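Pasting a structure below so you can have a look.
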Amino acid sequence: RKQATEYSTSSSDEEFESKPSLTHKAKRALRKRRKLEKETKQLIKQEELKRLHKAQAVQRQLEELEERQRALEIFGVELERELRGEAGTQSNTKDENQMLHEWFELVMEKNKLMRYESELLIIAQELELEDHQSRLEQKLREKMAIDGKSKGTVCSSPQGQTVQ
């Protein structure tokens, strides 16, 4: 009889103690979830800033590249005039072979700059796509959070359990 009384007392004590511990566990889980959400937002912000800095660097490089291309274009026009004999006295000072060599080097440099410009444009497009993906992921997280709140803390569907 003592054992039966002890068991009933201990089971009622466990029930009494389990209720506060459940709320404590729920509070702890809520704090942990909020902390995780905060860390996730910080990581997203850091990634966004990295993309922004990279995009700004790409934009600066594109502007510098455009200036170099303009300078090469001006030099190329002058060189072509000399080759045609339209420049007058300047064409006499340079050998035609030397001018052709300079012109081919100019064309090679211009092609190199065009390839570099293509690479920069691809990087810029990649950054835009990463930014778009990040915004879509953020929207998805927000919708999942809204759905999670409307369903409650426990999901009955197996799909909801795997998502949470």
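So which pairs qualify, if the first residue must be in the range 63-79 and among the small types (Gly, Ala, Ser), the second must be assigned to a helix (DSSP H, G or I), the Cβ gap must be under 7 Å, and the two must be at least 6 apart or on different chains?
Sorted first by the residue in the range 63-79, then by its partner, the pairs are Gly76/Leu106.
If you check Arg1 against the conditions, is it open to solvent by 100 Å² or more (accessible area, probe 1.4 Å) and at pLDDT 65 or above?
no
From the list Glu39, Glu66, pick out the single residue that is modelled with pLDDT of 85 or more, within 29 Å of Leu140 (Cβ to Cβ) and surrounded by 10 or more Cβ atoms within 10 Å (Cβ to Cβ).
The match here is Glu39.
Tally the residues that are in contact (Cβ under 8 Å) with a residue 40 or more places away in the chain, open to solvent by 90 Å² or more (accessible area, probe 1.4 Å) and more than 14 Å from the chain's Cα centre (by Cα), restricting the search to the range 42-62.
Adding up the residues that qualify gives 1.
The values are calculated or read from the model by the stated rules, or taken from the named source; none is laboratory data. Source: prediction; values computed, not measured. Glycine gets a Cβ as well: all are built from the backbone with ideal geometry, and neighbour counts include every protein chain shown. The protein model used for the area step is the full one, side chains on, heavy atoms only, and it has no ligands, DNA or RNA in it. Shrake-Rupley method; radii C 1.70, N 1.55, O 1.52, S 1.80 Å.
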